[in-house]
1. Grab the DSSP H runs of the protein assembly as shown that are 4 residues or longer, score each as -39,500 (n - 2.57), total them, divide by all residues and round the 222 nm result to the nearest 500 deg cm²/dmol.
2. Show log10 I(q)/I(0) for the range B:1-119 at q = 0.16 Å⁻¹, two decimals, from a solvent-free Debye sum over equal Cα scatterers.
3. If you rank A:272, B:128, B:159 by fewest surrounding Cβ atoms within 10 Å, what's the result?
4. On alpha carbon coordinates alone, what is the Rg over Rh value for the range A:122-179, Rh being the Kirkwood radius?
5. Using the 10 angstrom Cβ neighbour count as an exposure proxy, how do A:331, A:59 rank, fewest first?
6. For the range A:246-285, list log₁₀ I(q)/I(0) at each q in 0.27 Å⁻¹, using the Debye formula over Cα point scatterers of equal strength and ignoring solvent, two decimals each.
7. Just check the range A:172-215 against the gyration tensor rule for me: Cα atoms, a ≥ b ≥ c as the square roots of the eigenvalues, rounded for a/c under 1.5, and otherwise prolate or oblate depending on whether a/b exceeds b/c.
8. Hey, could you pull the Cα Rg and Dmax for chain A, both in Å?
């Protein structure tokens, strides 16, 4: 039995989406045990009338909610009774709990996890790794997408090792083709950190390093994993999402501007729905935090039930594939860099 | 009469696109005088049979061409007879020449310009500022998009001052709404450089600073200018272009997959052509280098004649609006930071 905490508040569709996602995951997976954190009476109301195996569902009362504009450092100090902080503390203190899924504030979650949880031995900096769909129907991971604003070459190498193992063990991507985000493809491009990271990655047998990647090629399908400092990785992920969303919005607006276009779009309705579904990040799971000693999965703030369910599946697979132990073993091969 | 150099080689459609773009600009603007650099006989062949005012067109023979995989530092030392380096030297040495337009290697151009040209007094680092279309029909400038991989807070402030003046003087954008690229909107987001830049920008009356911008909002129309270090600025611009291109490619492929969709798309043909045109960077001019004492405009490597013509117009307007003098005056207001 794998026990996973679900932070049921702080997302746009809380507590409805986390609760429904939890029940869906529970129904499908008999080896799953879920602990919901949040206001108990609100959670009971949400659960009322629903069918589920109550022997595998537990509620931990945590009445406070974290607003998205609260300062993360204040939150971890002052909001110990929030659904998120309570979950992080439980995750730290109870050996029987494997993972946490949250759709709440990213800042609070990363700060809370980094301050309160341990790291996998050897890992210097935990890092976020979300997934995006590529145009050939595959996926591409981006690590780090924002857990740390800065990164050294050694950090970047660790991100590559951790995220390669994640893609291989959780998504079955064999030898993920791993690139370094840079301003050009040539080895000498970018700043000193990038040039040093390029050299280190070439000397890392655990990583299938294919060189620098220019950001315009992210979705091409030529890469399985892109390694970046958290600042530019964040720009990479959010620009991709933002551009896709804005373009779809524009397309929709333009279609509605003329009857002829509406008619044409009617014939293409199925295709447009498929495009929308293709670009819907809800289908690609959450952003996992790699490097903490317990599994943490961050779902989009706007996650609906299906997205929460995917996050729970991810957390389950991360735990059952023994990803942490594999990361520890692989990082240990390069431990002379550990103190950098 | 404004004299502008056109580097006629190194682009994907050279020398045809630069030459045709030059002739189109020449025909429209009687105050323009153009100097084409490149292999003279090839340029004469391209010009043969075309009608133009030969009293305002000059050729400077420069037979070498720079490949896109050549190292910029080697190029400026070894390829003095290339169409690009010859143009940079002429720009530096001849007081009567105001500007240079090139569609050749970005790396060689920026290195050549930074090493061979002077800077506007007070400017610490010249920076690139390309433009992208926003979803409400406007434009947004991004500065720096890659001239320098790193930037300090003072550099970022200078980018904001220079690019604001550029948008105001060349595009008529009054008080450009200027944002700092960051991983979140709150003032405390990002690294120390970002927090310091936020503070400096708030204290800069010449800049209409509206706070941090998350990259997903770039195309929303809420901003006229985004200031970034050259690394993340490069990621921002290229990810936007890359995502738009990949999505359009996917749409096209999907449309061709079924007859029904092809029929629907036929009804929407005009709209799709408009979307394509809207997203075609050829319509938005080149990326200008701000801060050098002579005007440098970098057109996309794949620029066709119409894009080259736009670059020439940009260079012309930068010169006639006396942008350099305005930048110098504005930067001087903050000159106590000059030596940072």
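Rule-based calculations on the coordinates, nothing more; no lab input. Note that the structure is predicted; figures quoted are calculated from it, not measured. Every residue, glycine among them, receives a Cβ derived from its backbone with ideal geometry; neighbour counts consider all protein chains shown.
1. Details: 24 runs with 302 residues, N = 680.
Rounded to the nearest 500, it is -14000 deg cm²/dmol.
2. Taking Cα atoms of the range B:1-119 as identical point scatterers yields -0.69.
3. Numbers: A:272 19, B:128 28, B:159 37.
Sorted ascending by nearby Cβ count, the order is A:272, B:128, B:159.
4. Working: Rg = 11.6 Å, Rh = 11.9 Å.
My calculation puts Rg/Rh at 0.97.
5. Numbers: A:331 23, A:59 18.
In order of increasing Cβ crowding within 10 Å: A:59, A:331.
6. Scattering profile of the range A:246-285, log10 relative to I(0): -0.93.
7. Details: a/c = 3.01, a/b = 1.56, b/c = 1.93.
Here the range A:172-215 falls in the oblate category.
8. When restricted to Cα atoms, chain A yields Rg and Dmax of 20.5, 67 Å.
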